[in-house]
Each structure stands twice: as C-alpha cells, then as structure tokens.
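The values are calculated or read from the model by the stated rules, or taken from the named source; none is laboratory data. Quick caveat: nothing in here was measured; it's all calculated off a predicted structure. Using ideal geometry, Cβ is built from the backbone for each residue, glycine included, and neighbour counts are taken over all protein chains shown.
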Amino acid sequence: MKRLIALLTAGVMIALLAGCRKQEASAQIFAMDTVMGVTAYGGSAEKAVKAAEEEILRLEDMLSRTDPKSQVSRLNGSDGAAVAVDEEIVSLIREAGTYSQATGGAFDITIAPVVAAWGFTTDTYQVPEQADVDALLAAVGMEHVTLAESQVTLERGTEIDLGGIAKGYASDKLEAIFEEHQVEHGMVELGGNILLIGSKPDGTAWRLGVQDPAKPNEAAYAAIVQLEDAFAVTSGSYQRYFEQDGKTYHHIIDPATGRPADSGLTSVTVVTDRGSGSGTMCDALSTALFVMGEEQALEFWRGSDYAFELILVTEDGRVVVTKGLEEALMETKESGYTYEIVS
Ligand code: AMP
Ligand code: MG
C-alpha cells in the first residue's frame, strides 16, 4: 500500500513537473492591414507560433491586393487573359463562389473594383458617382470568373478582392498548424477573426468581447460570450470607414447597389464550433449577413445547412443572439444595449 501511495505521489509529481514545463509562446504580427495576435500553450507552442507567423506572411504575399507581386494582383492585372496560379488560390476562389451562391450574391469577391472606387483599397477615400459605380457593377458577379485546376480567367474589367475571407482562411491554416504542434490551449486574433483552441490554460472558457460598434476606439463591449474550441468572426461598419459632408461611409459594400450596406446593423459576429465549421465560412458569412440585415440574416440562419450562431448588433441599440449562444452569453449591463435571444 505504501508503495502504491509512493508511486501515485511520483505520478502526481511528474504531472506537476510536466505542467510547469508546458510551453507558452505568443507573437504580434502586423499583416493584412491589421494587428494580429497569436498565443499558444502546451505541445510545441514555440514552434507553432513561429510557423503561424510564417504562414500569415505567406498568405499575405499570395492574397494581397496592394502588393503588385501577389497572385491576386497578377489576376487583377490580367486584362481578360488566363493566368496560371497555385491550386490553393483556385480552391479559395472556388470556395468564395459557393458562399456567393449561398448568400444570393451578398458575399462577392468580384466587388473589388467597387471597393476600390470608394478608396478603401488604397486609403484614398471618396464618394464615387453612382453612374461610375453602376458601370463597374456590370463586371461584378462570379459568372465573370472561370476556374481551371491551376488557372484563373477574369473577364476584362472583373477583379477580385479576398479581403472579406482572407483572415478567416488564415485562421483555418493556423488551426492546422496548432494541431500539428499539439497545442493544447491557444488564441489567434486576426483583426476581428478569432480562433480559440481548447479552453484557457486554467481550464475555464475564453471570454470573447464583441466590440461595441458605437465606441470603436474604447475597450467597450456590446456583449461577452464564453467559448471554447471555436471560431468567431466579426464584420462591422466601425472597422473601416470615412466621413464626408457629415455622412459616414464604411467598407462593406452591398453588391446590389455598389454602396456601403445600409442594413440597420452595426456588426455581425458569426460563431461556429471547431469541427462544425471553418474560419473561412465564418468570415464569408459575417460579411454577407452584414449586407443582408437583421431579418434576412436570421432567415438565412434558420434555413442554412451551415452550422453557426449569430450575434447581431443593431443601429437601434439591440444585441440579437441566436439560441445556441444563450448559455454562452454574458450580458454586459453597462453597455446600454438590450438583449434578445431568437430561435
Ligand atoms: P470583412 O471585414 O470580412 O467583413 O470584409 C470586408 C472587406 O471585404 C472589405 O474591406 C472589402 O475588401 C471586401 N468586401 C466588401 N464588401 C464585400 C462583399 N459584399 N463581399 C465580399 N467582400 C467584400
Ligand atoms: Mg468577412
């Protein structure tokens, strides 16, 4: 018996030592026009974070719209010719097309020339003439894109902008890297795109604050949700905008009008469990559902085959949360918002 206790104690000691030795690593990276944070605990955390940094830079090189050497830039400058590109980018464009189809065109990477006309691509903001926007809209739509195995053809005038999906895609790549390095707990924040691995190292859930869109420059939250092993992506009109003549114009464009979506929402957060959905899916849907507005977004949620939950923040001061997040939701009393659970 004594021996058993001694053995057990030794076992506990080893576990404790292993606990002490749990690797922890983190990094901050400026890429894709935003600040990114990567933190990992356990497994080969240091290697995981290093690989994550390299991966983010690799994806930026491939997907950037402003770097003239990126594959996206080569496609956009192709003037109607077929361009040989990596299979990886072909499959990302193909996936973007499926979200376009699923959302009735609310998500559409060919919105690129219109985004540029408003100055969001180069930070030279302006309100374009509607006639000019209408002319550009003629080349918007996935029907203007032809995909082969490792070749893409954009019709003349058509361009693509993967800004609405790239960070979500990057979070999927980082999930695979973290898995490969046996990271036990981790958090990745790619400018509004969150990936949570496991729980926090202390075993409690991560707390995700949904930015209060009315106070974009403060640590103010419209809601807090407790999550583990999840992706959570927020699209909001407060994330990038400019003002002209007392009016605010933001960066999420409604492909139906070519103008910033005016749908009554100030932010949309899409949440999915790891294993049920992906960061790419959440990213595409958050952009699309922002365009759709509350009513259509909830209708889409009810009827969709995609597995996800929503937190909508409305212009009129409500936080609308779908049933699956009811338990996870922590209302923030001081926020001034009212909370509604919908099913
Ligand atoms: P997100 O922050 O993920 O909602 O993506 C917004 C970015 O995606 C914008 O800065 C544009 O580059 C691009 N974008 C804007 N409107 C759309 C749209 N309707 N569909 C797809 N991408 C869009
Ligand atoms: Mg998006």
Within the bounds of the stretch 204-225, is there any residue that is among the small types (Gly, Ala, Ser), within 16 Å of ligand 1 (Cβ to nearest atom) and farther than 22 Å from residue 328 by Cβ? no
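In contact with a strand residue (DSSP E or B) (Cβ under 9 Å, 6 or more places away or on another chain), surrounded by fewer than 16 Cβ atoms within 10 Å (Cβ to Cβ) and farther than 23 Å from residue 207 by Cβ: which single residue out of 315, 299, 331 fits that description?
On inspection, the qualifying residue turns out to be 315.
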What pairs come up if the first residue lies in the stretch 251-272 and is closer than 12 Å to residue 287 by Cα and in the same structural domain as residue 227 (by TED's automatic domain parsing), the second is within 9 Å of ligand 1 (Cβ to nearest atom) and of a type in the set (Lys, Arg), and their beta carbons are under 6 Å apart, counting only those six or more places apart or on different chains? 251/240
Flag if residue 90 is touching a residue at least 60 places away in the same chain (Cβ under 8 Å) and surrounded by 21 or more Cβ atoms within 10 Å (Cβ to Cβ): no
Could you go through the stretch 55-65 and let me know if any residue there is within 23 Å of residue 144 (Cα to Cα), among the small types (Gly, Ala, Ser) and either surrounded by 19 or more Cβ atoms within 10 Å (Cβ to Cβ) or not assigned by TED's automatic domain parsing to the domain that holds residue 141 (or both). yes
May I ask you to say which residue of 176, 219 is without any contact (Cβ under 8 Å) to a residue 60 or more places away in the chain, of a type in the set (A, V, I, L, M) and outside any helix (DSSP H, G or I)? 219
Restricting the stretch 175-209 to residues that are modelled with pLDDT of 95 or more and within 16 Å of ligand 2 (Cβ to nearest atom), which is farthest from the chain's Cα centre (by Cα)? 188
Has the stretch 250-261 got any residue that is among the basic types (Lys, Arg) and within 16 Å of ligand 1 (Cβ to nearest atom)? yes
